[in-house]
1. Where does each of Asp157, Asp133 land when they are ordered by accessible area, with a 1.4 Å probe and the largest first?
2. Label the stretch 28-137 by shape, choosing from rounded, prolate and oblate, from the square roots a ≥ b ≥ c of the eigenvalues of the Cα gyration tensor; if a/c is under 1.5 it is rounded, and otherwise prolate applies when a/b is larger than b/c, oblate when it is not.
3. Would you mind telling me the share, in percent, of accessible area of the stretch 28-137 contributed by carbon and sulfur at probe 1.4 angstrom?
4. Using the beta-carbon distance between Arg285 and Ala147 and R0 = 30 Å, what value does 1/(1 + (r/R0)^6) give for FRET efficiency, to the nearest 0.05?
5. Quick check: pseudo-label points 7 Å beyond the Cα along Cα→Cβ at Thr276 and Ala122, how many nm apart are they?
6. For Leu280, what accessible area in Å² do you get when you roll a 1.4 Å probe over the heavy atoms of the protein chains, rounding to the nearest 10?
7. Under a 1.4 Å probe, what is the accessible area of the stretch 28-137 per residue, stated in Å²?
8. Might you work out the accessible area of Lys234 for me, using a 1.4 Å probe with all protein chains in place, and round it to the nearest 10 Å²?
Amino acid sequence: MLLRKILRFDYAAHNVLATGYELSVGLRNVRVTVPTAVRKGDPVHLYCEYELEDNERLYSIKWYKGKREFYRYTPQVHPSVQVFSVSGIDVERSLSNESHVVMKAVETNYSGKYSCEVSADAPSFHTIIVSGDMEVIEPPLEQPSVAGVQARYRPGDILRANCTSHNSKPAANLTWTINDVPVRFIVLGEGRKTRANDGNKINKMIFPLVTRLLPVTGIEPIPPQYVKLYRPIKDTFTGLETSIVGVNFMVAHDHFVKGKLKLKCSASIHQLYHETIEQLVPEDRPRILATGVSASGHSISLYQGSVHESELTDQNDAYLTVNGYKADKSSPLASSSGGLQIDSYVKVCWVTFYICIICTVMVYSIRYLMVT
């Protein structure tokens, strides 16, 4: 028995692989299935598959987390399943066998590299190790939040906003979209090496990055969009992380589709978590320069400020305002007080006209008397 173990480990020293597949005479096609990411609290199934020649027998299958063994299956030994305490890993013995291992509700400290070591018995004693990485995630309890967006914008205004995803592990990957077009960015300048879009890892402060979206209309380019990623904030007590990403750009006319700009922030962690928050920002349209005609035939031109959708029932209608009074659409000057004020203006104009005529007559009369 001792000689068998010595020979087995001697062969193992020449046949260990870090990852991948191995094709040998006795043991071949060893492969593992380790989930890339799982949610905290979910059970996990680890699969280890292999092929043996007809004249070969399985000696053992061992599972490692990192370099520490936590599960062993040896068919010639009773009991054939042995479990070792490593990092609090809890194995479901009744569901585990030579081909797969079931771990109960996983915790975030279960993240790491998992390796399956398959060893054949005599005469080959071949041993192969294949590995896979797993990350246990703890998603946020709430959807991301957006701060800094104003109620309305006009072309030429600067839109500044921050999107925040709170308390997750790892930090959520945040992305902005404008009218469903992702904000893609390129790094400008030297000395700005970064990992801006490297999965869920944001390891350092990222300077403002510049991107240019494709035009919505296909005619004129949209002004540059500025995206700023911040270092994740880690809670020292829970170990959870908060990620923040900002957007800063000048609003253009092409940003508004049917009078609204769609601003969206999405938070994701691998393929297990995805939440989106969306805001429709209306355009702050200027009011029309309205022209009205009084009953006496005098034209009145009045400029109004900005108009909001709640005030407009028909975009083709123009409100008339006289000293703060709005006219109704059913009459030229629906407000009686507004009409009286206009009549007063007309009377003043006529009086002024008469005074001018009298003064002109007097001037010419004086000049005539002086000449004669």
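The values are calculated or read from the model by the stated rules, or taken from the named source; none is laboratory data. All values derive from a computational prediction rather than experimental measurement. As a convention, Cβ positions derive from the backbone with ideal geometry for all residues, glycine included, and neighbour counts pool all protein chains shown. To get the accessible areas, we keep the full protein, side chains included, count just its heavy atoms, and leave off ligands, DNA and RNA. Shrake-Rupley method; radii C 1.70, N 1.55, O 1.52, S 1.80 Å.
1. Values: Asp157 60, Asp133 95 Å².
Descending order: Asp133, Asp157.
2. On the way: a/c = 2.29, a/b = 1.73, b/c = 1.32.
In terms of gyration-tensor shape, prolate.
3. On the way: 2250 of 5010 Å².
Carbon plus sulfur share of accessible area: 45 percent.
4. Details: r = 25 Å, r/R0 = 0.84.
FRET efficiency, Arg285 to Ala147: 0.75.
5. Result: 6.4 nm between the two label points.
6. 100 Å²
7. On the way: 5010 Å² over 110 residues.
On a per-residue basis, the stretch 28-137 sits at 46 Å².
8. Accessible area, nearest 10 Å²: 130 Å².
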